[in-house]
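Novice: Mind looking over this structure? Questions follow.
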Amino acid sequence: MNKIKIATRGNSYQVIIGYKVSKYLSHELRDKKIFFITDKNVYKLHKETIDRIYASCKQKEVYTFTATEKNKNFNELEKILNQLTIKNFQRDSIIVAIGGGIVGDIAGFAAAIFMRGIKFIQLPTTLLAAVDSSVGGKTGINYKGTKNLIGSFHQPSLVLADTGFFDTLPKEEIICGIGEIIKYGFISTTKMFDFISDNFQKVLDLDYFVIDRIVAESIRIKGAVVKADEKELGLRKILNFGHTFAHAFEVSSGHKIKHGQAVIIGIACALILSKNKHLIKADEFNRAIQLIDKVKPFVLINGINKNDLIQIMMRDKKNRDGKIKFVLLKSIGEVLIDVEARDSEILKAINSALELFKDKNEIV
Ligand SMILES: NC(=O)c1ccc[n+]([C@@H]2O[C@H](COP(=O)([O-])OP(=O)(O)OC[C@H]3O[C@@H](n4cnc5c(N)ncnc54)[C@H](O)[C@@H]3O)[C@@H](O)[C@H]2O)c1
């Protein structure tokens, strides 16, 4: 079991990582009124574990929904807020999110705005949510075709990353988690990069020794960045490496492409754009692309509409002065933020990246 403390200006909390650590939750929930939000799919797969958690609290309500990008919306949020209101939840009540990033993002946002903010606890059940979305306090929903357009920064009060949930993850979801994990490899240190590269197959096979270490290391990296820049005024932008492209792929495909897999192609685009703009040296680029080559065979992409991509990127939250801003790479661990590019450069990078994945693609 690993314990990591995340410290932000207004709040500090523990992230506990390990097999079956969700059993520690009952202690936190005793004597509190709890609103559980979970994903139908996760409940079905982990009924016994989740029922045990429910049974540990006397006062509770349960809200279960189908976690999809299309349901990460106002309608679902309103239903949650409605239940919190009619069931008389109060300022000292706690929301507990049990699920992947979609459950965590919407539950966290409900907690951020109900009564101007109540406590919430994250139990990430996907690898992606454990290494990334459950930590750092970004919460929100998709709005009018833009990912995470409406949201708030609201830190959880506890994160329990129970790796036992991963036992039922399909391979495509493990790959999604790997998408965010390789991001940490590119933006942090060559040591992390090499560890991920050397242990890629073990992560894919859910070797729990490696998983525990990689989840803990990813959270340590994210925690340090969030501590330095909680509200993304500068440094935190590095966590968006590959994401400007990724969000456009997700939206243009009508969310047929999963977030984590879109991040992998997005990172490939960002690397190619870095090379084309002569920001990264050839040997460093080749080293970086070798990791993409390892992951590539497992990525499934379809439904990208190339004509829409620039238009979608224009609506990205990170843009300033009407210009799309990219996070690019100078070398492994050396990241450049707020880099601008011409439309022609952006499209060239996308075309080259999609060429890399060409046997995996059904481009519209
Ligand atoms: N807030 C942040 O900082 C942040 C960071 C990264 C991503 N995100 C968001 O997170 C979302 C992606 O998260 P995700 O990949 O966890 O998606 P998700 O919540 O949709 O989960 C992916 C799929 O896995 C299933 N699933 C969940 N746990 C499972 C388990 N233990 N076993 C089997 N199946 C399981 C779900 O039912 C779903 O079908 C996106 O909306 C993205 O924008 C947020």
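The values are calculated or read from the model by the stated rules, or taken from the named source; none is laboratory data. This one's a predicted model, so the numbers in the text were calculated from it and none came from an experiment. So basically every Cβ, Gly included, is an ideal-geometry build from the backbone, and we count neighbours across all protein chains shown. These accessible areas exclude ligands, DNA and RNA; they are computed on the full protein's heavy atoms, side chains included. Shrake-Rupley method; radii C 1.70, N 1.55, O 1.52, S 1.80 Å.
Residue-by-condition table, conditions (1) more than 9 Å from the ligand (Cβ to nearest atom); (2) farther than 25 Å from Cys57 by Cα; (3) among the polar types (S, T, N, Q); (4) open to solvent by 20 Å² or more (accessible area, probe 1.4 Å):
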| residue | (1), (2), (3), (4) |
| --- | --- |
| Ile113 | yes, no, no, yes |
| Ile118 | yes, no, no, no |
| Lys144 | yes, yes, no, yes |
| Gly151 | no, yes, no, yes |
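Novice: In this structure, is Ile181 assigned to a helix (DSSP H, G or I) and touching a helix residue (DSSP H, G or I) at 6+ places or on another chain (Cβ under 6 Å)?
Specialist: Numbers: assigned to a helix (DSSP H, G or I): yes; touching a helix residue (DSSP H, G or I) at 6+ places or on another chain (Cβ under 6 Å): yes.
Yes; evaluated as a whole, the condition is true for this residue.
Novice: Hey, Asp198 hits all of (1) out of contact with any Ser or Thr (no Cβ under 6 Å at 6 or more places or on another chain); (2) open to solvent by less than 10 Å² (accessible area, probe 1.4 Å) but one; which does it fall short on?
Specialist: Failed condition: (2).
Novice: State which residue is farthest from Ala111 (Cα to Cα) when the search covers only region 128-142 and only residues that are assigned to a helix (DSSP H, G or I) and near the ligand (Cβ under 8 Å from one of its atoms). Spell out how you get there, then give the answer.
Specialist: Taking region 128-142 first, the residues assigned to a helix (DSSP H, G or I) are 128-133.
If we keep only those that are near the ligand (Cβ under 8 Å from one of its atoms) too, we end up with 128-129, 132-133.
Working: Leu128: 21, Ala129: 17, Asp132: 19, Ser133: 15 Å.
Among residues in region 128-142 that are assigned to a helix (DSSP H, G or I) and near the ligand (Cβ under 8 Å from one of its atoms), the one farthest from Ala111 (Cα to Cα) is Leu128.
Novice: Only residues that are out of contact with any strand residue (DSSP E or B) (no Cβ under 9 Å at 6 or more places or on another chain) and either more than 10 Å from the ligand (Cβ to nearest atom) or touching a residue at least 12 places away in the same chain (Cβ under 8 Å) (or both): list them for region 153-172, please. Let's see the steps before the verdict.
Specialist: To start, the set of residues in region 153-172 that are out of contact with any strand residue (DSSP E or B) (no Cβ under 9 Å at 6 or more places or on another chain) comprises 166-172.
Result: Phe166, Asp167, Thr168, Leu169, Lys171, Glu172.
Novice: I would also like to ask the following. Give, as residue ranges, the helices (runs of 4 or more DSSP H) completely inside region 1-109 that count at least 1 residues that are more than 25 Å from Ile211 (Cβ to Cβ), more than 13 Å from the ligand (Cβ to nearest atom) and of a type outside the set (A, V, I, L, M).
Specialist: Numbers: elements: 25-29, 40-45, 47-55, 74-86.
So the answer is 47-55, 74-86.
Novice: Turning to a different aspect of this structure: What's the number of the condition Glu61 fails, among (1) under 20 Å from the mean Cα position of the chain (by Cα); (2) farther than 30 Å from Gly254 by Cα?
Specialist: Just one mismatch for Glu61, condition (1).
Novice: List pairs: first residue in region 273-285 and within 11 Å of Leu336 (Cβ to Cβ) and among the acidic types (Asp, Glu), second residue open to solvent by 20 Å² or more (accessible area, probe 1.4 Å) and in a helix (DSSP H, G or I) anywhere in the structure, Cβ distance under 7 angstrom, at least six positions apart or on different chains.
Specialist: Between residues of region 273-285 that are within 11 Å of Leu336 (Cβ to Cβ) and among the acidic types (Asp, Glu) and residues that are open to solvent by 20 Å² or more (accessible area, probe 1.4 Å) and in a helix (DSSP H, G or I), there is no close pair.
Novice: Then there's this: Looking at region 167-195, which of the residues that are of a type in the set (Ser, Thr, Tyr) and surrounded by 22 or more Cβ atoms within 10 Å (Cβ to Cβ) is farthest from Ala262 (Cα to Cα)?
Specialist: We begin by selecting, within region 167-195, every residue of a type in the set (Ser, Thr, Tyr); these are 168, 184, 188-190.
Then keep just the ones that are surrounded by 22 or more Cβ atoms within 10 Å (Cβ to Cβ); that gives 184, 188.
Working: Tyr184: 15, Ser188: 20 Å.
By that ranking, first place goes to Ser188.
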